[in-house]
Amino acid sequence: MRLVNGSSHCAGRVEVLLDGRWGTVCDDFWDLRDANVVCRQLNCGRAVAAPLNARFGEGAGPIWLDDVQCQAHLGPNTTTIPRPTTPPAESTTHIMQNQTSAPATTANVSLAEGQIRLIGGSSSCSGRVEINFSGRWGTVCDDLWDVTDAQVVCRQLGCGRVLSAPGSARFGQGSGPIWLDDVRCNGQESSLSECRHRGIGSHDCSHREDAGVVCEGKFIDNDSLRPSQLVCSSSKIQVGLNVVSFLNLGLDARSGNLAMRNCTYTRVSNGVVWYEVVNQAGACGNKLTTNITHGIYSNTLFVYPANNNSFAIPKRIPFSCVYSLDTDSTLNVAVGPLPIDGGVSGSGPNTVAQMRLYRDSGFTSTYPGGRVTMELGSPLYVGVTVDRRDQSFAVVLDDCYASHSPRPSSFGRYPLINNKCSADRRQVAVIENGSSLRARFSALFFLLQGEYRDVYLHCNLSLCDRRRTSCVPSCSRRRSRSVSDSAPLKSLTVGPIVFNKPSK
């Protein structure tokens, strides 16, 4: 078994290998129960859809299976007798009538086992109770039906408190199977299918006894709308919505869009619809706010009703990801950035900075890792970069110095850059600082304390929000105007650097 032309190995056209040849499966009688067998066989979790009509493109080669009904089918290479144009069986007629009795869900949302709906009422929160099994909608008999059972229905649909539990087909007689009878809920169940009953399809009723429900009204709280997952990675933000959970709320998890409708990217994996956006200011409507230590990217996901064939107000799901601008996890002051109201917030990885030594003034060729050997008085070119992509930030070299130790104390430091500016213009030239996500300077190195010992180079740096302030320091007369709103990063060290002793 394999799935072809989907977004992953868990979605696509079903193909089966028989007699050494790959072939396809006909969609006659194909439903979610058959798709669940495929998902189980491929270790892909539960099925969330069973699309028909070559949704993933037409295959080639033999059509190996037809009229698949769970574990039963006609057998390999067996041709189906052409079906007449009029429905030959009452069950087929019932399916057709049932499909026209109420608006169906949108085409890209699957019908889940045990999904319920209310038909014939004044809103989606009142009407005849219908439940889906094996891809078919059926009704519930009113024997033993009461407000306790109806409350489970209201909760499953997100419709608030139950107001009444009318019987005797108050909202009209349904068609198709009567799936449940003698329903007895204890009131704590999350779905009607979890309640005790006579067995699916077992009943002694007619459609004159179809059960109904009247709920207080559609009510979806913020907890119900929380994404199933929020992932804040170093390059993008991912929001995951569970298809079945949102369908039970009357929402189509696949219908969403971000603040900018036309740049939303989605994928489906294991029953979860993932929305992705790069963590950059302005991308798909991202809003970036910063303080001294953190950057917060926020956006809103808008999700629409499942039965949305016309104008409808979507539900809002705010979310945000908080990124520390400091590579050191310990801070002297605790800072708690605030996410947007009513939203879900996550934390991303810390900023990572790197410092490299270059051989040339064009900063194109780096020295290999480890010890670097140089002649006295030779220029050394130093470049610093951070792992962020958002050009809203700039890296600022605050202080750089040389020492004989990889972890120096406050003594034995020889300054190169002080307060973002060159400590000695004859020895150090600051080439780029505070203008982008990289910083560069060059320096002439001589003996420290007159000794031919290993030398290490250290830099303290920070990230600055270029939108809020000028991050480029003013270094006239070798003094720097303080750069505000910058977040300190963990200091960097490179070396050792060894000077060649002059030959005698």
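The values are calculated or read from the model by the stated rules, or taken from the named source; none is laboratory data. Source: prediction; values computed, not measured. Positions of Cβ are generated from backbone atoms using ideal geometry, with glycine treated the same way; all protein chains shown enter the neighbour counts. Just so you know, the surface numbers come from the protein's heavy atoms only, side chains and all, with ligands and any DNA or RNA stripped out. Shrake-Rupley method; radii C 1.70, N 1.55, O 1.52, S 1.80 Å.
What to note about this one:
- Selection of segment 1-34 for residues being in a strand (DSSP E or B) and of a type in the set (Lys, Arg) yields Arg2, Arg13, Arg21.
- Qualifying residue in segment 159-175 (condition: modelled with pLDDT of 85 or more, in a helix (DSSP H, G or I) and surrounded by fewer than 20 Cβ atoms within 10 Å (Cβ to Cβ)): no
- If you check Thr366, Thr327 for being open to solvent by 20 Å² or more (accessible area, probe 1.4 Å), at pLDDT 85 or above and either more than 24 Å from Phe246 (Cβ to Cβ) or of a type in the set (Phe, Trp, Tyr) (or both), only one passes: Thr366.
- The single residue among Leu247, Leu251, Leu258, Leu301 that is of a type in the set (A, V, I, L, M), in contact (Cβ under 8 Å) with a residue 24 or more places away in the chain and in contact with a Lys or Arg (Cβ under 7 Å, 6 or more places away or on another chain) turns out to be Leu251.
- Residues of segment 35-44 satisfying the condition of being assigned to a loop (DSSP other than H, G, I, E, B) and open to solvent by 50 Å² or more (accessible area, probe 1.4 Å): Asn43
- Residues within segment 123-157 that are open to solvent by less than 10 Å² (accessible area, probe 1.4 Å) and assigned to a loop (DSSP other than H, G, I, E, B), tallied: 1
- Single residue of segment 198-243 satisfying the filter (closer than 24 Å to Val152 by Cβ and in contact with a Lys or Arg (Cβ under 8 Å, 6 or more places away or on another chain)) that is modelled with the lowest pLDDT: Ile220
- Within segment 189-212, residues that are closer than 18 Å to Gly167 by Cα and among the polar types (S, T, N, Q) sit with their Cβ atoms under 9 Å from residues that are open to solvent by 40 Å² or more (accessible area, probe 1.4 Å) and in a loop (DSSP other than H, G, I, E, B), at 6+ positions apart or across chains, in these pairs: Ser206/Gln173.
- Flag if Thr80 is part of a loop (DSSP other than H, G, I, E, B), of a type in the set (Ser, Thr, Tyr) and either buried (at least 17 other Cβ atoms within 10 Å of the Cβ) or modelled with pLDDT under 65 (or both): yes
- Of all residue pairs spaced 6 or more apart or on separate chains, those with beta-carbon atoms under 7 Å, a first member in segment 41-57 that is more than 17 Å from Gln115 (Cβ to Cβ) and in contact (Cβ under 8 Å) with a residue 40 or more places away in the chain and a second member that is among the aliphatic types (A, V, I, L, M) and open to solvent by 50 Å² or more (accessible area, probe 1.4 Å) are Gln41/Met1; Leu42/Met1.
- Ile296 of a type in the set (Val, Ile, Thr), open to solvent by less than 40 Å² (accessible area, probe 1.4 Å) and modelled with pLDDT under 90: yes
- Residue in segment 393-410 that is open to solvent by 70 Å² or more (accessible area, probe 1.4 Å), under 18 Å from Cys459 (Cα atoms) and either assigned to a loop (DSSP other than H, G, I, E, B) or in contact (Cβ under 8 Å) with a residue 60 or more places away in the chain (or both) present: yes
- Filtered residues of segment 431-453 (kept if open to solvent by 50 Å² or more (accessible area, probe 1.4 Å), part of a strand (DSSP E or B), free of Cβ contacts under 8 Å to residues at least 60 places away in the same chain and not charged (D, E, K, R)): Ile431
- For segment 348-359, the criterion of being of a type outside the set (Ser, Thr, Tyr), farther than 30 Å from Thr266 by Cβ, modelled with pLDDT of 70 or more and not in a strand (DSSP E or B) is satisfied by at least one residue.
- Condition check for Cys44: hydrophobic (A, V, I, L, M, F, W, C), modelled with pLDDT under 85 and under 30 Å from Ala253 (Cα atoms): yes
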